[in-house]
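Read the structure below first, then the notes.
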Amino acid sequence: MRQDPGVAEEPLTLYLVKRLELAIRARMDDALRPHGLSTLQFTALTALRARGGLSSAQLARRSFVTPQTMNEMVRWLERHGHIARHRDPDNRRVLLLSLTDAGRTLLERCDPLVERIEAEMLDAVPTVQHALFRQSLELGYGALAEE
């Protein structure tokens with residue numbers, strides 16, 4: 001509950017989570033830029049690595065972007081040789097996406113950069129709290145996600 005407007009108070013947890021997300025994204029964008037990727041493109045490629053054969057709409061949901069944004073991203077990633085599209089054998093109207101060898105190689109080069117950013121963030125959290133920190137984030141996401 002909000003206090004008297006004249007009294008300083010701690011920021012909302014939502015605000016802290018957003019600040020963390022913005023800091024992570026800025027650091028990831030800086031690390032990935034020399035490899036020709038943005039954080040959103042990296043996220044899409046890692047989602048395809050985890051589960052290939054997704055439609056553009058499915059990939060949009062897993063990458064936290066709109067279908068329109070994903071369509072543009074898919075065209076860019078395909079044009080640069082990181083993904084390929086092929087027809088779904090069960091529904092010929094649907095195009096499925098998969099990583100190319102070049103896309104896998106790019107992720108292998110970028111993974112250590114992102115892992116270093118995560119390690120730097122977690123270095124600020126006592127080791128015994130890492131699992132609790134992760135679990136708390138998962139629970140918060142689960143409470144608000146529209147799945």
Tell me, which helices (runs of 4 or more DSSP H) lie completely within the stretch 29-80 with 2 or more residues that are exposed (fewer than 13 other Cβ atoms within 10 Å of the Cβ)? 67-79
Ala119 fails exactly one of the following numbered conditions: (1) of a type in the set (Gly, Ala, Ser); (2) under 25 Å from Glu21 (Cβ atoms); (3) part of a strand (DSSP E or B). What is the number of that condition? (3)
Just to be sure, is Pro89 over 22 Å from Glu146 (Cβ atoms) and out of contact with any strand residue (DSSP E or B) (no Cβ under 8 Å at 6 or more places or on another chain)? yes
Check Ser56 against each of (1) within 17 Å of the chain's Cα centre (by Cα); (2) under 20 Å from Asp29 (Cα atoms); (3) not acidic (Asp, Glu) and name the one condition it does not meet. (2)
Pairs with Cβ under 8 Å, 6+ apart, first in the stretch 67-96 and at negative phi, second in a loop (DSSP other than H, G, I, E, B) and modelled with pLDDT of 95 or more: His80/Gly36; His82/Thr100; Ile83/Thr100; Ala84/Thr100
Might you let me know whether the stretch 61-71 holds any residue that is within 22 Å of Ala145 (Cα to Cα), of a type in the set (D, E, K, R) and under 13 Å from the mean Cα position of the chain (by Cα)? yes
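One line per residue, one yes/no per condition, for (1) at pLDDT 95 or above; (2) among the aromatic types (Phe, Trp, Tyr); (3) within 17 Å of the chain's Cα centre (by Cα):
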{"position": "Gly52", "(1), (2), (3)": "no, no, yes"}
{"position": "Glu78", "(1), (2), (3)": "yes, no, no"}
{"position": "Glu118", "(1), (2), (3)": "yes, no, yes"}
{"position": "Arg134", "(1), (2), (3)": "yes, no, yes"}
Residue check, Arg104 surrounded by 11 or more Cβ atoms within 10 Å (Cβ to Cβ) and under 15 Å from the mean Cα position of the chain (by Cα): no
Condition (residue is part of a helix (DSSP H, G or I), of a type in the set (Lys, Arg), closer than 25 Å to Gly52 by Cβ and at pLDDT 95 or above) applied to the stretch 87-104: is it met by at least one residue? yes
Could you grab the pairs with beta carbons closer than 8 Å, sequence gap of 6+ or different chains, first residue in the stretch 125-147 and assigned to a loop (DSSP other than H, G, I, E, B), second one at pLDDT 95 or above and not acidic (Asp, Glu)? Val125/Phe133
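The rows are residues; the columns are (1) exposed (fewer than 12 other Cβ atoms within 10 Å of the Cβ); (2) under 25 Å from Leu59 (Cβ atoms); (3) out of contact with any His (no Cβ under 9 Å at 6 or more places or on another chain).
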residue: Leu97; (1), (2), (3): no, yes, no
residue: Asp111; (1), (2), (3): no, yes, yes
residue: Arg116; (1), (2), (3): no, no, yes
residue: Gly140; (1), (2), (3): no, yes, yes
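The values are calculated or read from the model by the stated rules, or taken from the named source; none is laboratory data. All values reported here derive from a predicted model rather than from experimental measurement. Neighbour counts run over all protein chains shown; Cβ positions are idealised from the backbone, glycine included.
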